[in-house]
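Novice: Let me give you the structure first, and then I'll get to my questions.
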Amino acid sequence: MRKTRWILALFVGIALLAAQAGPVFAAPTLQEGVITGTVTAATCETDEAGTTTVLLTIQSADGTSQTVRVSLETAVALGVLAADTACSEEALAGAVGLEVSIDPSLVIPDEEEEEQGWRHPVAYALSLFFDDVTDYDTIMAAHEDGTGFGVIAQALWMTTQMEGDSDVFLAILEAKETGDYSAFTLEDGTVPQNWGQFKKALKGNKDNLGTVMSDVNPQDTDDTDDEVGPANNNGQGNGNNGKGNGKGNGKGKDD
């Protein structure tokens, strides 16, 4: 189990670094949502229903490749296939070496992909590693709302430190976005004033790991204060009158 978690941690780290550096996981270069690259192979495929599509292998500038499926109409629009020409190996011979830009919405998913659904590699890696915090859909929703994976990963780590769940994770992201950290109270009673202070509190010594949601069951917080307060030790302390060591009422033994 420990080995599996280590592998997932490594995968998350690589995924985040790759996401910040550029194209990731053998995907062709993405510029503003458009797949760009050089066609290295093109083939025709006809399914049982008689529908013919074109499989294009596209290589990006960094050498990574991906095969995508497009319709005949898209192939013609890309210049891969001449208009009014039946799809064949000969008809696609001139496609190799052609520079193309493909809108991802024009890519036809395979049946298996339609059943399972394509998953963003970074979001999926995070969902596997932090499966006890939240799920893939929640992570992707946060990313699609404009939150970078770096901040999402930090928020997930912070949620883990707080032993929180998906609600806490989302509350952390909301605080980061709005700059309002009043929903959180540190163990010393103060409220974080900014993102850096909030992160530092959770990454500091163990005394800071008691950070809790101030609006989550405040009744429990009051009970905790009563239990640890010096005036309410329920007689469990050692008596100090004379040499007494009485227990039960906390009173020393008078000589």
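Novice: Under the rule a/c < 1.5 gives rounded, and otherwise a/b versus b/c splits prolate from oblate, where does segment 32-116 land using the Cα gyration tensor?
Specialist: On the way: a/c = 1.68, a/b = 1.08, b/c = 1.56.
Verdict is oblate for segment 32-116.
Novice: Quick check: Cα centre of segment 53-112 to Cα centre of segment 156-199, how many Å?
Specialist: A separation of 47 Å, based on Cα centres.
Novice: Here's something else I'd like to know. Could you please report the charge total around N194, scoring K, R as +1 and D, E as -1 over all other residues with beta-carbon less than 12 angstrom from its beta-carbon?
Specialist: Values: positive: K176, K199, K200; negative: D180.
Neighbourhood net charge equals +2.
Novice: Now for a different question. Amide H of I102: which non-local residues (sequence gap of 5 or more, or other chain) have their own amide H closer than 5 Å, using H built in the peptide plane?
Specialist: So I102 has HN proximity to I35, T36.
Novice: Same structure, new question: To the nearest 20 debye, what charge dipole does segment 32-116 have about its Cα centre, counting +1 at the Cβ of each Lys and Arg and -1 at the Cβ of each Asp and Glu?
Specialist: 440
Novice: So, R0 is 25 Å and r is the distance between the beta-carbons of A82 and A61; what FRET efficiency does that work out to, to 0.05?
Specialist: Details: r = 27 Å, r/R0 = 1.07.
Plugging the Cβ-Cβ distance into 1/(1 + (r/R0)^6) gives 0.40.
Novice: Using 0.36 nm per residue of separation minus the Cα-Cα distance, give me the extension gain between S166 and L128 in nm, one decimal.
Specialist: Numbers: separation 38, 0.36 × 38 = 13.68 nm, distance 1.40 nm.
Extra length from S166 to L128 when fully extended: 12.3 nm.
Novice: Indicate the gyration tensor shape class of segment 119-182 (rounded, prolate or oblate), computed on the Cα atoms with a ≥ b ≥ c the square roots of the eigenvalues: a/c under 1.5 is rounded; otherwise a/b larger than b/c is prolate and the rest oblate. Walk me through the intermediate numbers first.
Specialist: Values: a/c = 2.04, a/b = 1.26, b/c = 1.61.
Because a/c hits 1.5 or more and a/b fails to exceed b/c, segment 119-182 counts as oblate.
Only the coordinates and a few stated rules stand behind these numbers; no lab work does. Since the structure is predicted, the reported quantities are computational estimates derived from the model, not experimental observations. With ideal geometry, Cβ positions are generated from the backbone for all residues, glycine too; neighbour counts draw on all protein chains shown.
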